[in-house]
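S.K.: Please find one structure pasted underneath; my questions will follow.
The values are calculated or read from the model by the stated rules, or taken from the named source; none is laboratory data. Only a predicted model underlies this, so the values are computations on that prediction, with no experimental measurement involved. Every residue, glycine as well, gets a Cβ built from its backbone with ideal geometry; the counts of neighbours run over all protein chains shown.
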Amino acid sequence: MAGSTERALGVPRVLEPTGVLPQAAQRLDASPEIGPDEVRIAVERLNLDAASFRQLSEAHHGDGAAVRAAVLEIVRTRGKMQNPVTGSGGMLIGTVDAVGPESPLGLRVGDRVATLVSLTLTPLSLSDGLARWDGRSEQVPAEGTAILFARSIAAVLPADLPDAVSLAVLDVCGAPAATARVVERAGARSVVVLGAAGKSGCLSLAAARAAGATELTGLVRDEAEAAALRATGLADRVVVADATDPLAVAAAVGTPADVTVVCVDVPGAEHGAILATADGGTVVFFSMATSFPAAALGAEGMAADVTMLVGNGYTPGHAALALGLYRSAPGVRALIEPRIHP
């Protein structure tokens, strides 16, 4: 039994250190030969998570060639895409080209899929040197192979949406699903979303509305984003503040909300999110730039009676919910489409 559990979790792919799962590993075996319960994907496009792409771009001063070289080196040395600074990765789309006889994922050779597990635990090998990528966008045309385990998840790409759209939406599909769950369970009326003009932010606003929230506040970083968000009607109120300035966030939000959702891709938003949340309320952290010690110790230091949740990226039905919001909410489409680089 233990052996089958280890295989299902991808432990045989861990090269170092021993005794950890693939996400915590320093290096994975990304060889294309599959085990009996594995699936191999012919990679077509990667989507780097926002925090990782921002860090790489800033570290290399916007030099696309240097960013491309950095990603290639990470994948070459680690056998996966896991930014060593942010610890985060992203996800990918591709075509299933081999399925082990014991795989429980229900995938077939020829299926075009998006992986709904992080690149930080996905064995990945690149064969094209990322020659078609300029290093200046989160979406990365690529060729190579990736491996899914028995405990991985993937979604067959919908036929009615362009690949770039599906990739962008599915990359953040955990955020709206978890937001909807929290709002429904708490019977929350008021919701604040930090980073509300981004992909996960606008989807979370739409999900909160659909789940019954009636007072939606979107916090953005500048007037350009504020104008774009106001035009969509996704939020009842749009405010501008630096999410990393806790007093500015508190002043902009005003009356604290039942639920605060953090979707910014920079560190330092923890304390502002706590101040924006009412006693007895809930903060959901969806940014991979979040410092959880800062969040926990900050809440303690402020004597804040809030529940803090880690958005782990998976909620049952999350892919269908996010795609449904994209299809049904013109405001979501208006904010996401300009961010897509086909």
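S.K.: Going by the structure shown, is GLY201 assigned to a strand (DSSP E or B) and either buried (at least 24 other Cβ atoms within 10 Å of the Cβ) or within 13 Å of the chain's Cα centre (by Cα) (or both)?
M.R.: Here the answer is no, as GLY201 does not meet what is asked.
S.K.: Pick out the one residue from ALA159, ALA196, ALA131 that is in a loop (DSSP other than H, G, I, E, B) and more than 19 Å from GLY94 (Cβ to Cβ). Talk me through it step by step, then tell me what you get.
M.R.: Numbers: ALA159 fails: more than 19 Å from GLY94 (Cβ to Cβ); ALA131 fails: more than 19 Å from GLY94 (Cβ to Cβ).
Exactly one of ALA159, ALA196, ALA131 is in a loop (DSSP other than H, G, I, E, B) and more than 19 Å from GLY94 (Cβ to Cβ), namely ALA196.
S.K.: Considering each residue of segment 263-305, count those that are over 27 Å from ASP171 (Cβ atoms) and either part of a loop (DSSP other than H, G, I, E, B) or aromatic (Phe, Trp, Tyr) (or both), and give that number.
M.R.: Total satisfying the criteria: 4.
S.K.: In the same structural domain as VAL284 (by TED's automatic domain parsing), more than 19 Å from MET91 (Cα to Cα) and outside any helix (DSSP H, G or I) - does that describe any residue in segment 171-188?
M.R.: Among the residues of segment 171-188, at least one is in the same structural domain as VAL284 (by TED's automatic domain parsing), more than 19 Å from MET91 (Cα to Cα) and outside any helix (DSSP H, G or I), which makes the answer yes.
Residue by residue, here is whether (1) part of a loop (DSSP other than H, G, I, E, B); (2) at pLDDT below 95 holds:
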position: GLU33; (1), (2): yes, no
position: VAL43; (1), (2): no, no
position: ALA51; (1), (2): no, yes
position: VAL67; (1), (2): no, no
position: ARG76; (1), (2): no, no
position: GLY110; (1), (2): yes, no
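S.K.: Give the residue, chosen from GLY89, GLY100, that is in contact (Cβ under 8 Å) with a residue 12 or more places away in the chain and within 20 Å of GLY313 (Cβ to Cβ). Outline the logic, then answer.
M.R.: Values: GLY100 fails: within 20 Å of GLY313 (Cβ to Cβ).
Answer to the check: GLY89.
S.K.: Among the residues of segment 185-232, what is the count of those that are of a type in the set (Val, Ile, Thr) and closer than 15 Å to VAL172 by Cβ?
M.R.: Number of matching residues: 1.
S.K.: Is at least one residue of segment 73-85 over 30 Å from PRO36 (Cβ atoms) and free of Cβ contacts under 8 Å to residues at least 24 places away in the same chain? If you could, list the steps in order and put the result at the bottom.
M.R.: Step one: list which residues in segment 73-85 are over 30 Å from PRO36 (Cβ atoms), which gives 73, 83-85.
If we keep only those that are free of Cβ contacts under 8 Å to residues at least 24 places away in the same chain too, we end up with 73, 84.
For segment 73-85, residues over 30 Å from PRO36 (Cβ atoms) and free of Cβ contacts under 8 Å to residues at least 24 places away in the same chain: present.
S.K.: Now, a different point. Take the conditions of a type in the set (S, T, N, Q), part of a loop (DSSP other than H, G, I, E, B) and either touching a residue at least 60 places away in the same chain (Cβ under 8 Å) or surrounded by fewer than 22 Cβ atoms within 10 Å (Cβ to Cβ) (or both) and apply them to SER166. Does it pass?
M.R.: Here the answer is no, as SER166 does not meet what is asked.
S.K.: Kindly provide the set of residues from segment 306-325 that are part of a loop (DSSP other than H, G, I, E, B) and either of a type in the set (Asp, Glu) or under 13 Å from the mean Cα position of the chain (by Cα) (or both), ordered by number.
M.R.: Within segment 306-325, GLY311, ASN312, GLY313, TYR314, THR315 qualify.
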